[in-house]
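Everything on this sheet refers to the single structure shown next.
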Amino acid sequence: MPGFRQLWRIFTIQLVLIRYGLDEVVFAIHLFRPFRFLLYLLPWNWFHRKRDPRAVRIRQALEALGPIYVKFGQILSTRRDLLPDDIAVELARLQDRVPPFPSTQARALIESALGQSIATSFARFEDTPLASASIAQVHSATLHDGREVVVKVVRPGIERTIANDVSLLYYMARLASRYSREARRLRPVEVVHEFETTIMDELDLLREAANASQLRRNFSDSEMLYVPEVYWPLCRRNVMVMERISGIPVSDIEALRRADVDLQLLSERGVEIFFTQVFKHNFFHADMHPGNIFVGRDNRYLAVDFGIMGTLSPEDQRYLAENFLAFFRRDYHRVAELHVESEWVPRTTRVDEFEAAIRTVCEPIFERPLKDISFGQLLLRLFQTARRFDMTVQPQLVLLQKTLLNIEGLGRQLNPDLDLWRTAKPFLERWMSEQVGARAFVGNLKQSIPQWTEALPELPMLIHRTLNQATNGHLTVQWRSEEITKLRHELRRANRRNAMAITGTGLIVSAALIYGLDGYAPAMVGGAPLLTWVLGIAGLGFLVSAWGE
Ligand SMILES: Nc1ncnc2c1ncn2[C@@H]1O[C@H](COP(=O)(O)OP(=O)(O)OP(=O)(O)O)[C@@H](O)[C@H]1O
């Protein structure tokens with residue numbers, strides 16, 4: 001049960017929702033019905049009732065509720081498998097730009113985190129921030145050796161605010177799940193959990209710095225992507241210092257044209273970077289919105305903001321690649337099979353039914369020319385379909401699908417004729433051939449050589465011991481298999497069944513004999529009818545149990 005302050009906050013949230021005409025979706029309003037009369041005290045123009053479409057009012061309400069809710073809306077916008085399209089599109093418009101906090105506070109936070117004065121750490125520190133978002137603020141600075149850097153500082157007190165808001169969101173999500181079937185369908189508790197994980201990760205700048213370092217290493221020889229260097233001695237949990245990059249924002253197409261950037265090459269490089277990150281490095285930048293991407297010299301991308309990165313398990317990678325290839329061959333049966341094999345949908349799913357559902361969704365999409373087909377939309381539709389077949393939510397896949405949508409959006413903005421499939425197909429086919437077949441065998445062999453060289457010296461001794469045991473007749477082989485275990489159970493059951501049937505038959509025969517002997521066996525006279533019944537019923541009981549085994 002929440003405390004008074006939380007209840008008050010819930011009450012104010014209700015007011016904001018009512019103000020934006022969202023009372024039809026306010027489940028908890030029932031709890032606050034007694035206070036409804038307070039609404040009549042408010043002037044009529046306080047309400048923004050139903051003037052705008054519902055999706056717009058939801059966005060406005062989140063903006064009115066403050067930065068944490070803006071962030072919540074942004075993360076929610078990526079769950080297009082759960083939300084109606086209009087709401088998802090509108091929530092994606094939420095701007096995470098909030099008024100900056102004073103530079104005196106930023107300086108104090110940095111000094112306390114680094115344990116030294118600003119003047120000791122930097123030759124110059126710019127008080128006007130470059131950017132200010134809900135979690136952190138970014139300032140530019142110069143190191144004593146002359147290198148230009150940016151300093152990212154986490155907002156003061158933000159951890160407590162988030163903790164309070166998240167516990168409130170959990171409370172409301174549980175209420176919603178309990179009282180509203182419609183809300184239950186949106187899996188509110190799961191959504192809040194996802195939000196909590198993402199936002200807590202973003203608070204830890206050491207984690208972001210480590211992500212940046214890894215990505216920089218992965219692309220150290222690349223002419224496609226540049227990742228700024230992290231200055232580790234000046235990084236703490238709430239402060240991060242990294243090389244300052246300068247380039248043209250990728251969304252500024254006019255400026256890119258003026259700078260003679262090859263837009264077609266750039267759009268294809270974007271796709272290649274994405275597939276390289278997902279399939280080669282298994283470490284992808286999952287916050288690829290245009291605000292985080294710049295273009296430098298030689299058509300090279302420059303990336304910032306490494307708070308959200310994604311990885312896939314080797315199995316997910318393989319299933320994903322196979323899914324894409326099967327999709328574009330329109331082999332829906334294989335797509336359905338892959339979903340069952342990978343257990344993205346339950347093993348009990350009927351492949352033919354699932355295949356039919358996928359076909360219904362995908363055929364209209366494939367009617368369009370290949371260059372107009374969106375991978376991200378395709379995955380999204382697939383997840384929406386799979387959800388009807390009880391697909392368990394795979395956060396890593398949702399993250400990937402969202403990134404893919406971003407990449408496509410970006411690529412098509414640069415080059416409306418970008419044919420994603422043409423760029424991606426050779427990449428996926430090459431990757432698949434490296435994973436299966438002779439090349440994969442050689443690759444795996446190479447990988448296991450170190451283990452073999454470690455185990456090799458022990459081999460003669462092992463062979464000697466085994467042969468010794470065999471000649472002395474002490475060698476036992478332990479062989480466990482699922483089939484054998486099943487067979488053993490089956491045999492045991494059959495034995496039990498036989499024993500019960502024999503006992504049951506014996507008892508019934510005995511009952512019949514006693515019944516037949518009645519009158520000829522004087523010692524039993526009087527007890528015979530009762531004994532006949534008891535034996536007969538017991539015999540029947542045994543037979544029925546034997547039947548049920
Ligand atoms: N290394 C850098 N060099 C130059 N500018 C940078 C650098 N890092 C960040 N910036 C600028 O600061 C802005 C905010 O940085 P960043 O995205 O890392 O912060 P954030 O708090 O995570 O914001 P959001 O989550 O809203 O994107 C960037 O959009 C970019 O303009």
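Just so you know, all these numbers are worked out from the coordinates, no wet-lab data involved. Please read these numbers as outputs of a predicted model, since none were measured by experiment. Neighbour counts are summed over all protein chains in view; Cβ atoms, including those assigned to glycine, are modelled from backbone coordinates with ideal geometry.
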Where a Cα-Cα gap under 17 Å defines reach, which aspartates and glutamates qualify for Lys402, not counting those fewer than 8 residues away within the same chain?
Asp81, Asp85, Asp86, Glu90, Glu194, Glu272, Asp287, Asp305, Asp316
Using θ = phi - 60° and the Karplus form 6.51 cos²θ - 1.76 cosθ + 1.60, what ³J(HN,Hα) does each residue of the range 71-76 get, whole Hz, x for Gly and Pro?
4, 4, x, 4, 5, 4
One finds the C-alpha centres of the range 116-183 and the range 346-375 to be spaced, in Å, by 41 Å
Taking amide H positions as placed in the peptide plane 1.01 Å from N, state which residues far from Met242 in sequence (5 or more) or on other chains have amide H under 5 Å from it.
Val150, Lys152, Tyr231
Counting just the Cα atoms, what span does the range 53-188 cover along each of its three principal axes? Round to the nearest Å and put the largest first.
60, 26, 23
Between Asp204 and Glu272, what length in nm is gained on full extension when 0.36 nm per residue of separation is reduced by their alpha carbon distance?
21.5 nm
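Starting from the Cα gyration tensor of the range 73-114, take the square roots of the eigenvalues, sort them a ≥ b ≥ c, and report rounded, prolate or oblate (rounded when a/c is under 1.5, otherwise prolate if a/b is larger than b/c, else oblate).
Because a/c hits 1.5 or more and a/b exceeds b/c, the range 73-114 counts as prolate.
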In nanometres, what is the gap between the two model label sites at Ser180 and Phe4, each 7 Å from Cα along Cα-to-Cβ?
2.9 nm
In nm, spacing of pseudo-spin labels at Thr128 and Ile245 (7 Å Cα→C-beta vector):
2.4 nm
Residues with amide H under 5 Å from that of Gly66, placed H, sequence gap 5 or more
none
Honestly the range 132-209 on the Cα gyration tensor test (a ≥ b ≥ c root eigenvalues; a/c under 1.5 rounded, otherwise a/b vs b/c for prolate or oblate) is just prolate
To the nearest µm²/s, what D does Stokes-Einstein give for the range 90-163 at 10 °C and 1.306 mPa s, using the Kirkwood radius over alpha carbon pairs as Rh?
120 µm²/s
Given R₀ = 51 Å, what would the calculated FRET efficiency be for Ala512 paired with Asp23, taking r from the Cβ atoms and rounding to 0.05?
0.05
Using R₀ = 41 Å, calculate the FRET efficiency as 1/(1 + (r/R₀)^6) where r is the Cβ-Cβ separation of Ala538 and Glu337; round to 0.05.
0.20
Using the Karplus equation 6.51 cos²θ - 1.76 cosθ + 1.60 (θ = phi - 60°), what ³J(HN,Hα) coupling, rounded to whole Hz, does each residue of the range 414-424 give in order, writing x for Gly and Pro?
6, 8, x, 8, 4, 9, 4, 5, 4, 6, 7
Computed ³J(HN,Hα) along the range 113-119: with the Karplus parameters 6.51/-1.76/1.60, θ = phi - 60°, integer Hz and x for glycine or proline, the list is 5, 8, x, 8, 6, 4, 5
As an exercise, use a Förster radius of 41 Å and the Cβ-Cβ distance of Leu41 and Arg93 to find the FRET efficiency, rounded to the nearest 0.05.
0.80
Alpha carbon centre of the range 215-275 versus the range 323-338: separation in Å?
34 Å
